[in-house]
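For reference, the structure discussed in these notes is given below.
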Amino acid sequence: MSLSVLLIIIVITVVISLRAFNNSKLTDKLLYSPYACKHEGAYFRMIGHLFIHSDIMHLSFNMMSLYFLGTILEQELMYTYGGARGEVHFLVIYILGGLFATLIPYIRHQDNPSYRSLGASGAVSAVIFAAIIWNPQMELMILFLPIPIPAYIFGPLYIAFEYWADRRGGTGIAHDAHIGGAIFGVLYVLIINIDKGKEFLSALFG
């Protein structure tokens, strides 16, 4: 049985992250640094940071979120567009979503040599919001609030919280990257299937 793109991403991320936990040189090389991208041409960091995490909890949370929501999205894309095309769409959402998520931090911190970030959260956010737009009626649960919430409600609440947390600051979390990834996931689905946007709006306002 062949591995899906989703599982390949998870395996690669887990292997590299576990290795980086005990290899500071590898971590330093892959950390996202807008300053290094601009002033040293190290643009590979805009993708490389997706495969390293700060600790096992950070890694576990991202990979669990990616697995559960990614499985739903991947299957829907494969059902709609066929196996190969569906997998390509999923890969594009993840990789380009992760890249898009770096843009706001880049604009904000391109001349700040002390800014660093790591983790797949931006890419995972792109997958989550693509899944939300694709299937707005599905029910989601927040880790610390185990109450099912319809996706069309969860999505706006999540964005509102991330925006508030970003404005408040002091969390040590790249909330702006989460927002950027979410925006990409939404836009990508609307580009390939505008009817999904109409379904989401119908669920939200209908």
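What follows draws every value from the coordinates through simple rules; no lab data is involved. As the structure is a prediction and not an experimental result, all values here were calculated from the model. Cβ atoms come from the backbone with ideal geometry, glycine included; neighbour counts cover every protein chain shown.
Values computed for the structure shown
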| read-out | value |
| --- | --- |
| Alpha-carbon spread of the chain, three principal axes, descending order, Å | 49, 45, 32 |
| Debye, to nearest 20: dipole size of the chain, +1 on Lys, Arg Cβ, -1 on Asp, Glu Cβ | 420 |
| Cα convex hull of segment 1-73, projected area averaged across orientations, nm² | 5.8 |
| Relative contact order computed over the chain (Cα-Cα under 8 Å; 6+ residues apart), in percent | 22 |
| Farthest toward positive dipole pole in the chain [+1 Lys/Arg, -1 Asp/Glu at C-beta], among Y32, S114, F51 | S114 |
| Charge dipole magnitude, Cβ of K and R +1, D and E -1 - segment 114-206, Cα centre, debye nearest 20 | 160 |
| Protection proxy ranking of 155-168, 68-81 - average other beta-carbon atoms within 10 Å, highest first | 68-81, 155-168 |
| Farthest toward positive dipole pole in segment 28-100 [+1 Lys/Arg, -1 Asp/Glu at C-beta], among F61, H89, F100 | F100 |
| Cα-projected label distance for L18 with D111, points at 7 Å along beta-carbon direction, nm | 4.4 |
| Helix 83-100 axis, angle to the chain major axis (alpha carbon atoms, nearest 10°) | 50 |
| Fully extended contour minus Cα-Cα distance, from V11 to F61, at 0.36 nm per residue | 16.6 nm |
| In degrees, nearest ten, helix 121-134 long axis to first principal axis of the chain (Cα) | 10 |
| Crossing angle, helix 56-81 versus the chain [Cα axis fit, 0-90 degrees, rounded to tens] | 40 |
| Candidate lysines - alpha carbon under 21 Å from K25, same-chain residues fewer than 8 apart omitted | K38 |
| Estimated vicinal HN-Hα couplings, Hz - segment 6-20 in sequence order (Karplus 6.51, -1.76, 1.60; Gly, Pro = x) | 4, 5, 4, 4, 5, 4, 4, 5, 5, 4, 5, 5, 4, 5, 5 |
